[in-house]
Amino acid sequence: MWNPSEWQYRGEGNKHLVLFYNGCSTDLRGKVIRLQKLRSDSQAIADESLQDARRYLETLEKVFAPLLGESYVQHMEVIELPNEFLVEAALMTHREKNFDRLSTYGQLCDDLLSGPVAVEIKPKWGFMPKMDGQKQKTCRFCMHSHLRGSHSHYCPIDLYSGDRSRIVKALSALTITPRNNFRVCMNEPFTADALHTLIAEIIMTDPILPNLAELQKSLDELDIERIWPMYEEQKDQLQHLSIDEWARAVNNFKSGSHRDDHIQRIMEYTLSMTFKDCSVMICIGASADKQIEWYFDGRWHSSTYSVRVIDLDLKSVDNIDRWYELDQTIVQHAVKSGLNRQCENTS
Ligand SMILES: [Zn+2]
């Protein structure tokens, strides 16, 4: 079944090599395999890669899918690959070889980049917290950009606004200054105007951005300024949280219970940070499952698309000290420098 000649190079990062299927099996068509690059050949690392892959799948299934909806989460399967396959796959690397071998266990998932166009957006914080002062006026992303001295005109509040012209404005700003917030993968020519029109239409039609903003906001009801003192008191009870404990926190959140429980609130805040840092993949054509009509250049067009949320890594509560410090640095800099940017539409 695992014939290396039927797989081709798709891309690679520092940690993974990705191959796509180019053979005749209908079960594998439209799939990719992600293989972890390993430095040493010890068995311990192989076992760890299996545990990591399983843990990631379990958090998707028990923690993130119940919050986002099953259809927005990318399905994957952990598979064991024969040695001959791994040896051939290792030869496909396009980089200077920075690993000794590939993990025996790979992740088999849908190929999100097989269609004519795919857009990856990391939209960041889509809500204004209920806090006084600078936080009421300028959104978190704009304050952080200001601290970094960035000249980007992207404001997430525009992208999440539901208003066509503000969404197009946000997409244009992302095109000019993509940083790590925007990536376009095109296998067919598309003008920037056509792409912005189509993506804006999808953003206005699909519930994913409003859902993400709502999750970010309701999981972060108290703001880090109130969460941090709770964390300082409860730290010792928050060591080694299991996936089942996270799943319980998700259930409590969904049922609206345990609102006075500080540990619950700290875990909710930590979950909100994943949703503030995840990416939305919008794929046009190919294995797309939804349909959209859009008007451009004097006529109507019809396209199919699919939306998946990626980079859903469960963060550790240990980050709360660092998040609080960063929050204070960002806000104090904005106040001291007299940042006057107004992100929320006040009309
Ligand atoms: Zn803003």
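The values are calculated or read from the model by the stated rules, or taken from the named source; none is laboratory data. Model, not experiment: these values are computed from the prediction. As a convention, Cβ positions derive from the backbone with ideal geometry for all residues, glycine included, and neighbour counts pool all protein chains shown. To get the accessible areas, we keep the full protein, side chains included, count just its heavy atoms, and leave off ligands, DNA and RNA. Shrake-Rupley method; radii C 1.70, N 1.55, O 1.52, S 1.80 Å.
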Check your understanding: When you look at T104, is it of a type in the set (S, T, Y) and more than 30 Å from S272 (Cβ to Cβ), yes or no?
Key -> yes
When you check I157 against the structure, is it more than 13 Å from the ligand (Cβ to nearest atom), under 22 Å from F275 (Cα atoms) and surrounded by 16 or more Cβ atoms within 10 Å (Cβ to Cβ), yes or no? no
Of all helices (runs of 4 or more DSSP H) fully inside segment 43-114, the set with 2 or more residues that are small (G, A, S) and out of contact with any Lys or Arg (no Cβ under 8 Å at 6 or more places or on another chain) is 43-59
Considering segment 113-126, residues that are within 16 Å of the chain's Cα centre (by Cα) and open to solvent by 30 Å² or more (accessible area, probe 1.4 Å), and then whichever is modelled with the lowest pLDDT, we arrive at L113
The one condition S302 fails out of (1) in contact with a helix residue (DSSP H, G or I) (Cβ under 9 Å, 6 or more places away or on another chain); (2) part of a strand (DSSP E or B) is (1)
**Prompt:** Mind checking whether some residue in segment 217-237 is away from the ligand (no atom under 16 Å from the Cβ) and among the β-branched types (V, I, T)?
**Reply:** yes
The one condition D132 fails out of (1) in contact (Cβ under 8 Å) with a residue 24 or more places away in the chain; (2) more than 16 Å from the ligand (Cβ to nearest atom) is (1)
The residue that is nearest to D193 (Cα to Cα), considering only those in segment 121-178 that are among the charged types (D, E, K, R) and assigned to a helix (DSSP H, G or I), is K169
Of the residues in segment 19-44, those that are under 20 Å from the mean Cα position of the chain (by Cα) and open to solvent by 30 Å² or more (accessible area, probe 1.4 Å) number 3
H151 vs (1) within 16 Å of the ligand (Cβ to nearest atom); (2) without any contact (Cβ under 8 Å) to a residue 40 or more places away in the chain; (3) under 22 Å from the mean Cα position of the chain (by Cα): all pass except (3)
- prompt: Does at least one position in segment 160-168 carry a residue that is without any contact (Cβ under 8 Å) to a residue 12 or more places away in the chain and within 18 Å of D327 (Cα to Cα)?
  reply: no
Screening S257, S302 for residues that are more than 22 Å from L67 (Cα to Cα), more than 16 Å from the ligand (Cβ to nearest atom), among the small types (G, A, S) and in the same structural domain as P129 (by TED's automatic domain parsing) leaves only S302
Note to self: Going residue by residue through segment 167-179, is there one that turns out to be basic (K, R), over 21 Å from the mean Cα position of the chain (by Cα), buried (at least 16 other Cβ atoms within 10 Å of the Cβ) and within 13 Å of the ligand (Cβ to nearest atom)?
What the structure shows: yes
Being surrounded by fewer than 16 Cβ atoms within 10 Å (Cβ to Cβ) and either under 18 Å from R10 (Cβ atoms) or within 16 Å of the ligand (Cβ to nearest atom) (or both) narrows M143, M186, M76 down to just M186
Of the residues in segment 262-319, those that are within 11 Å of the chain's Cα centre (by Cα) and open to solvent by 60 Å² or more (accessible area, probe 1.4 Å) number 2
For segment 192-238 the number of residues that are among the charged types (D, E, K, R), open to solvent by 30 Å² or more (accessible area, probe 1.4 Å) and within 22 Å of the chain's Cα centre (by Cα) is 4
